[in-house]
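*Asks:* What follows is a structure written as structure tokens; I'll ask about it next.
Where a number appears in this text, it was derived from the coordinates with a stated rule and is not lab data. Since we're looking at a predicted model, the values are computed, not measured. In this analysis, Cβ positions are derived from the backbone assuming ideal geometry, glycine residues included, and neighbour counts consider all displayed protein chains.
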Amino acid sequence: MANQQLNAKLVSCTVPTKNSAAAQKFYNTLFGGQDFALALTDKMECHFRPIHEDGLTLTIAPRHDDREPITCFFAVDNLNETISQLSAAGGKVVVNATPMPASGPPQAVQAAQKIRPSTNLGTFVTMIDPDGNYLGLIQVDDSMQSQFNARPEQRMLSNDQVAKHEQWKQTGEPLMKK
């Protein structure tokens, strides 16, 4: 039986950058809005924004070493439209759109199709952002959306998260600026 209680969960995705403004523009284009806020640290200039109601946060932080990689795959509704928007925001395609067919031993594919009737997981592309960070985009096949909790209604921030973030931007962030 699968483990229901996880010992860990993804809570932050940190993107190293040499140009915070360009990185913020790029990721604001990906998620929508202008929602990065200055983080509560005086050790370095970091900006953050919540990206999921379960607390997942995207952080833009100074790059300390050119070898600092990060790769996150982001589910999108329209892959071609998103590629176009992110290219206009300074991104570059590394791996062109590639289908992700279900594959493996025939018995495994048949067993998977009994759970989720699909022979296609979706289509992905990889890009680099304006600072050279590697990321992936995936347009998940309709039959697989629920598996990844990737439907638009599943990508909403809670009212409480939005209110607290806005409160920080209005009251806390100005105190961080010198």
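*Asks:* If I model a spin label as a point 7 Å beyond the Cα along the Cα-Cβ vector, how far apart are those points for Asn120 and Lys164 in nm?
*Replies:* 4.0
*Asks:* Then there is this: With no solvent and one point per C-alpha, what does the Debye sum give as log10 I(q)/I(0) for region 12-176 at q = 0.12, 0.13, 0.15, 0.18 Å⁻¹?
*Replies:* The computed values of log10 I(q)/I(0) come out as -0.61, -0.71, -0.89, -1.16.
*Asks:* List the aspartates and glutamates whose alpha-carbon lies under 19 Å from that of Lys43, not counting same-chain residues fewer than 8 positions away?
*Replies:* Partners found: Asp65, Glu68, Glu173.
*Asks:* Across region 125-130, in residue order, what do the Karplus-derived ³J(HN,Hα) couplings come to in whole Hz, using 6.51 cos²θ - 1.76 cosθ + 1.60 with θ = phi - 60° and x for Gly and Pro?
*Replies:* 9, 10, 9, 10, 7, x
*Asks:* OK, next. Which FRET efficiency, nearest 0.05, do Lys43 and Ala21 yield, Cβ-Cβ r, R0 22 Å?
*Replies:* Approximately 0.65, to the nearest 0.05.
*Asks:* Also, I was wondering about something else. At 7 Å along Cα-to-Cβ for each site, give me the label-to-label distance between Leu175 and Thr98 in nm.
*Replies:* According to this spin-label approximation, the distance is 4.8 nm.
*Asks:* Now a separate question. Gain in length, Arg155 to Asp77, computed as 0.36 nm per residue apart minus the alpha-carbon separation, to one decimal in nm?
*Replies:* Details: separation 78, 0.36 × 78 = 28.08 nm, distance 1.12 nm.
Length difference between fully extended and current span is 27.0 nm.
*Asks:* Next question, about the same structure. On a 30 Å Cα-Cα criterion, which of the cross-link pairs Lys92/Lys177; Lys18/Lys169; Lys92/Lys114 come out too long? Numbers along the way, then the final one.
*Replies:* Values: Lys92/Lys177 32 Å; Lys18/Lys169 23 Å; Lys92/Lys114 38 Å.
Over 30 Å apart, Cα to Cα: Lys92/Lys177; Lys92/Lys114.
*Asks:* Between Asp66 and Gln110, with labels modelled 7 Å along Cα→Cβ, what's the label distance in nm to one decimal, could you check?
*Replies:* Computed distance between label sites Asp66 and Gln110 equals 5.3 nm.
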